[in-house]
Amino acid sequence: MTVTRRPRRLARVFTGAALAVGALLGAAAVPAAAADPTPEASVTYQETGSGTGVRVALTQAGSYLGQVEFDPAEQQLRVLDTMNDGDTFYVHVSSTQGGVEHNLGTYSASGSEAPVDSVVKDFDLPKGTPLDIEVYDDAELTDYIGGARGTGAAIA
């Protein structure tokens, strides 16, 4: 009887090990989740003759992750990702003109092996247009980090 139980017990051990390896491989194939804890955003404004510029600096646990800048003179949005961590952040930009909100897009710096990844977006907006700049930790725009919106918006 001991002979018949040992092969069954061994089969159960191998089956359990195979399931555990399968679970590990399946977990490795899942895309990177949003950073935990959520990064912190420090927003600064700069009044210029042509509008209000905004800089959103992103840090996490004392490490500098990158920044988002809007330059009203150039009407440029710059997204800089300075952390080679396989993750990025997403910047959603919208404007309100005549009481109607306009989606101007979502931007992120690609995650390459470069020390700094960046993307620059040029806008052509009427002078004085308020811009809401929202920074998120996920592509679905559900994990809000910070930004400049509402009465604290950037102004083109």
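The residues on offer are ASP132, ASP117, ASP124, ASP137, and the sole one that is under 18 Å from GLY51 (Cα atoms), charged (D, E, K, R) and open to solvent by less than 60 Å² (accessible area, probe 1.4 Å) is ASP132. When VAL100 is tested against (1) within 19 Å of PRO37 (Cβ to Cβ); (2) out of contact with any strand residue (DSSP E or B) (no Cβ under 6 Å at 6 or more places or on another chain), exactly one condition is not met: (1). Scanning the range 107-156 for residues that are touching a residue at least 12 places away in the same chain (Cβ under 8 Å) and either β-branched (Val, Ile, Thr) or not in a loop (DSSP other than H, G, I, E, B) (or both) yields a total of 24.
Of everything in the range 37-63 that is surrounded by fewer than 13 Cβ atoms within 10 Å (Cβ to Cβ) and hydroxyl-bearing (Ser, Thr, Tyr), the residue that is modelled with the lowest pLDDT is THR48.
For the range 99-114, which positions are within 24 Å of THR48 (Cβ to Cβ) and open to solvent by 60 Å² or more (accessible area, probe 1.4 Å)?
The first filter runs over the range 99-114 and keeps only residues within 24 Å of THR48 (Cβ to Cβ), leaving 102, 104-105, 107.
Within the range 99-114, just HIS102 meets the criteria.
When you scan the range 115-156, how many residues do you find that are among the small types (Gly, Ala, Ser), over 27 Å from GLY98 (Cβ atoms) and more than 10 Å from the chain's Cα centre (by Cα)? Total meeting the criteria: 2.
The values are calculated or read from the model by the stated rules, or taken from the named source; none is laboratory data. Because the structure is a prediction, the values reported are computed rather than measured. In this analysis, Cβ positions are derived from the backbone assuming ideal geometry, glycine residues included, and neighbour counts consider all displayed protein chains. Areas reflect the complete protein model, heavy atoms only, side chains present, ligands, DNA and RNA absent. Shrake-Rupley method; radii C 1.70, N 1.55, O 1.52, S 1.80 Å.
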